[in-house]
Amino acid sequence: MNVVSLFSGCGGSSLGYKNAGFNVLAALEFIPSAAECYKENHKDTVMVQKDIRDVSGVDIVGAIGGQVVDIVDGSPPCASFSVVGKRDKLWGKVKEYSETKQRVDDLFFEFIRLASDLKPKFIIAENVKGLTQGKAKAVLYEILECYRSAGYKPFYKVLSACDFGAPQLRPRVYIVAVREDLTINGDFVFPSPTHSESEYISVEKALENVEVCEEEINTLLAAGLKYANMQKWDEISGEGKWHPIRFNVGKNRWKKPSYTITYTDSKLGAAGLCHPFEKRRHTVSEMKRLMGFPDNYVLTGTWQQKVERLGRSVCPQVITAIAKEVEAYYNAYEQTCKEINNDRF
């Protein structure tokens with residue numbers, strides 16, 4: 001199946017589709033450092049480096065030479081819906097986002113607009129679990145109605161990355177919208193976990209034999225002595241625990257999957273997730289492992305940009321599982337069509 005990736009970031013979703021045997025024809029990414037990183041790892045994918053607000057379906061079709069698009073995928077910016085953020089206090093406002101300043105809480109609707117322009121068989125989106133909670137749930141219902149108005153039947157579910165072989169909790173809501181003419185066999189069913197709790201990949205297992213840069217570790221240890229939030233590491237009772245007051249400062253787990261890595265972990269002076277036993281943040285190579293990325297995946301730019309890319313990414317293992325279920329759903333549709341045509345003649 002052919003995929004177009006919107007808000008493609010460094011390419012975690014694209015890696016997931018490719019691991020499922022799909023073709024990623026084009027990627028749309030506005031942030032320069034993210035686009036650079038993506039191109040380093042997906043050289044056979046056309047990169048469209050523009051603001052989604054300025055892109056039409058015609059632009060994408062032209063970029064891919066008129067090829068058929070089966071899936072449009074994307075992870076619209078989600079910080080405005082995160083349960084650890086300011087949520088609705090920032091809705092409708094221009095704010096700092098990565099290397100830009102813009103309003104981001106409306107970008108999901110731009111995603112649906114551009115996706116529906118391309119009329120794919122499926123539209124697949126990923127976002128923070130917070131979109132399904134509190135006031136943000138009203139936004140989710142509005143998003144679902146937009147899918148329906150565009151001629152798609154949406155299904156959503158919160159999935160945790162550790163259930164699919166990634167060494168990280170990372171609960172995220174996934175929305176799979178099926179074009180209405182393909183729903184003759186009923187509702188789309190999300191994939192069942194590939195890993196039971198006893199099969200989860202722990203931080204300890206994930207970081208076996210990981211290569212680390214001594215200079216990077218020394219820099220991170222120095223930051224641990226410099227910043228107030230990092231100094232709270234000493235007051236945390238043990239691995240897997242969080243600070244009793246600064247509750248966003250925590251020591252990662254060791255015998256279980258990692259806590260969720262976020263883009264704020266790129267800000268050394270901010271609260272964030274730390275190594276279980278060393279007074280520092282995880283290194284880039286450690287975080288690649290915890291995100292389920294291969295060691296040879298290239299991350300470009302500064303340390304902060306590399307970590308931001310990972311923190312905003314998607315664990316490819318989840319996308320691979322969803323892609324296989326989407327393919328099975330479409331194959332069942334084609335089989336049903338054949339049976340109907342045989343009955344007619």
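The values are calculated or read from the model by the stated rules, or taken from the named source; none is laboratory data. Please read these numbers as outputs of a predicted model, since none were measured by experiment. Note: ideal-geometry Cβ built from the backbone for every residue, glycine included; neighbour counts use all protein chains shown. Accessible surface is based on the protein model in full, side chains and every heavy atom, while ligands, DNA and RNA are left aside. Shrake-Rupley method; radii C 1.70, N 1.55, O 1.52, S 1.80 Å.
General observations
- Under the Karplus curve 6.51 cos²θ - 1.76 cosθ + 1.60, θ = phi - 60°, whole-Hz ³J(HN,Hα) for the range 116-127, x wherever Gly or Pro sits: 5, 4, 7, 6, x, 6, 9, 10, 10, 10, 10, 7
- Note on residue 180 and residue 109: the model spin-label points, each 7 Å out from Cα along the C-beta direction, lie 2.1 nm apart.
- Using θ = phi - 60° in the Karplus curve 6.51 cos²θ - 1.76 cosθ + 1.60, the 3J(HN,Hα) couplings for the range 245-250 round to 10, 8, 5, 8, 9, x Hz; x is entered for Gly and Pro.
- Think of the range 244-345 as having a plus end and a minus end, set by charges on the Cβ of Lys, Arg, Asp and Glu; of 245, 297, 320, 245 sits farthest toward the positive end of this dipole.
- Modelled label reach - residue 279, point 7 Å along Cα→Cβ, the range 206-223 residues with backbone N closer than 16 Å: 217-223
- Based on the Kirkwood approach, the hydrodynamic radius assigned to the range 185-294 is 15.1 Å, with every pair of different Cα atoms included.
- Total charge dipole magnitude, the chain, about the Cα centre, Cβ charges on Lys, Arg, Asp, Glu only, Debye to nearest 20: 1100 debye
- Across the range 128-143, rounded Karplus estimates of 3J(HN,Hα) from the backbone phi angles (6.51 cos²θ - 1.76 cosθ + 1.60, θ = phi - 60°) give 5, 4, x, 5, 9, 10, x, 5, 5, 5, 5, 5, 4, 5, 5, 4 Hz, Gly and Pro being marked x.
- For the range 159-306, the Cβ-based charge dipole about the Cα centre amounts to some 580 debye (Lys, Arg positive; Asp, Glu negative; other atoms uncharged).
- On the chain, 50 percent of the accessible area sits on carbon and sulfur atoms, based on a 1.4 Å probe.
- Surface calculation, 1.4 Å probe, protein heavy atoms: residue 59 sits at approximately 70 Å² accessible.
- Distant-in-sequence amide H partners of residue 48 (H built 1.01 Å from N, under 5 Å): 27, 28, 29
- Low-density loop cleavage sites - trypsin sites (Lys or Arg not before Pro) in the range 1-84, where at most 11 other Cβ are within 10 Å (DSSP): 43
- Placing R0 at 25 angstrom, the Cβ-Cβ distance between residue 59 and residue 23 gives a FRET efficiency of 0.85 after rounding to 0.05.
- Charge-dipole axis of the range 138-267 as Lys and Arg at +1 and Asp and Glu at -1 on Cβ define it, positive-most pick from 203, 141, 160: 141
- Residue 280 - accessible surface, heavy atoms, 1.4 Å probe, Å² rounded to 10: 0 Å²
- Each stretch of four or more DSSP H residues adds -39500 (n - 2.57); spread over every residue of the chain, this sum gives -10000 deg cm²/dmol at 222 nm.
- Counting only Cβ charges, +1 for Lys and Arg and -1 for Asp and Glu, the dipole size of the range 226-306 around its Cα centre is about 80 debye.
- Rounded to 10°, Cα long-axis angle of helix 214-226 versus longest principal axis of the chain: 70 degrees
- Residues whose placed amide H lies under 5 Å from that of residue 281, excluding near-sequence neighbours: 275
- Computed on the Cα trace of the range 246-331, the radius of gyration divided by the Kirkwood hydrodynamic radius gives Rg/Rh = 1.06.
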